[in-house]
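Enquirer: Structure in structure tokens, see below.
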Amino acid sequence: MKKLLKLNKLKDHVFDGMSIMVGGFMVVGTPEFVIDELVKTGVKDLTIICNDAGLPGHGVAKLISNGQVKTLIASHIGLNPEAGTLMSSGEMECILVPQGTLAERIRSGGAGLGGFLTPTGIGTIVEDGKKIIETNGKDYILELPLRANLAILEGSIVDEYGNVLYTKTTRNFNPVMATATDVVIVGARKIVKRIDPDSVMTPHIFVDYVIKEEL
């Protein structure tokens, strides 16, 4: 399998100050074993882009607890009290983005779009510092695309070509994040010879490396 990467070689693909998208929704769809290795590398000053701040002791919460996250871009952090504490103290910058807006900003980054217009956040602090555009008599916020240096995703089943299938709710942010980063690393729960083309959710062309989870 050409794309297979040993877990201990993750360190060769990360650096201080980089931006990383992490798939998952309340850690469902987050490759915990890859996050554990990222913690071991000690890489710091990270910008983490994900749905949430994880759960205490799980997901990106482990990076936050280890002091590796400089900026967190997420839709909510309420399930991780430590993230709220760090945000309030100013020790970690936290940029909260409405969940649908976050997904669409990532999709725009992957599709090469210059941004999109949304009414979500009009009249609230969400619009602060952003361009407001009126069309058809209604105000919209111009939201800009999001991209990152690296995506860390979880694949339920990955084949030898690097095609990925996600099961049930593990799908969440993973497919769209695969399109919006310079390098994509998929933590595979299971590797098979071939996935039926009709079942592929992230084509191999988006995947740079696959790391097999050792159970």
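Enquirer: Quick one: is K70 part of a helix (DSSP H, G or I), surrounded by fewer than 22 Cβ atoms within 10 Å (Cβ to Cβ), modelled with pLDDT of 95 or more and of a type outside the set (V, I, T)?
Expert: It is false that K70 is part of a helix (DSSP H, G or I), surrounded by fewer than 22 Cβ atoms within 10 Å (Cβ to Cβ), modelled with pLDDT of 95 or more and of a type outside the set (V, I, T).
Enquirer: Could I ask something else about it? Among the residues of the range 164-177, write down those that are surrounded by fewer than 24 Cβ atoms within 10 Å (Cβ to Cβ) and either more than 12 Å from the chain's Cα centre (by Cα) or in a loop (DSSP other than H, G, I, E, B) (or both).
Expert: If the condition is that a residue be surrounded by fewer than 24 Cβ atoms within 10 Å (Cβ to Cβ) and either more than 12 Å from the chain's Cα centre (by Cα) or in a loop (DSSP other than H, G, I, E, B) (or both), then L165, Y166, T167, K168, T169, T170, R171, N172 are the ones that fit.
Enquirer: Could you look through the range 118-154, keep only residues that are hydrophobic (A, V, I, L, M, F, W, C) and surrounded by fewer than 15 Cβ atoms within 10 Å (Cβ to Cβ), and pick out the one that is modelled with the lowest pLDDT?
Expert: The residue in question is I125.
Enquirer: Quick one: how many residues across the range 192-215 are under 10 Å from L165 (Cβ atoms) and assigned to a strand (DSSP E or B)?
Expert: Residues in the range 192-215 being under 10 Å from L165 (Cβ atoms) and assigned to a strand (DSSP E or B): 2 in total.
Enquirer: Checking the structure you have, find out if any residue of the range 189-196 is under 16 Å from the mean Cα position of the chain (by Cα) and crowded, with 16+ Cβ neighbours inside 10 Å.
Expert: Within the range 189-196, not a single residue is under 16 Å from the mean Cα position of the chain (by Cα) and crowded, with 16+ Cβ neighbours inside 10 Å.
Enquirer: Of everything in the range 8-36, what is of a type in the set (D, E) and either under 12 Å from the mean Cα position of the chain (by Cα) or farther than 21 Å from I77 by Cα (or both)? Give them in sequence order.
Expert: If the condition is that a residue be of a type in the set (D, E) and either under 12 Å from the mean Cα position of the chain (by Cα) or farther than 21 Å from I77 by Cα (or both), then D12, D16 are the ones that fit.
The values are calculated or read from the model by the stated rules, or taken from the named source; none is laboratory data. This one's a predicted model, so the numbers in the text were calculated from it and none came from an experiment. Positions of Cβ are backbone-derived with ideal geometry, glycine not excepted, and every protein chain shown enters the neighbour counts.
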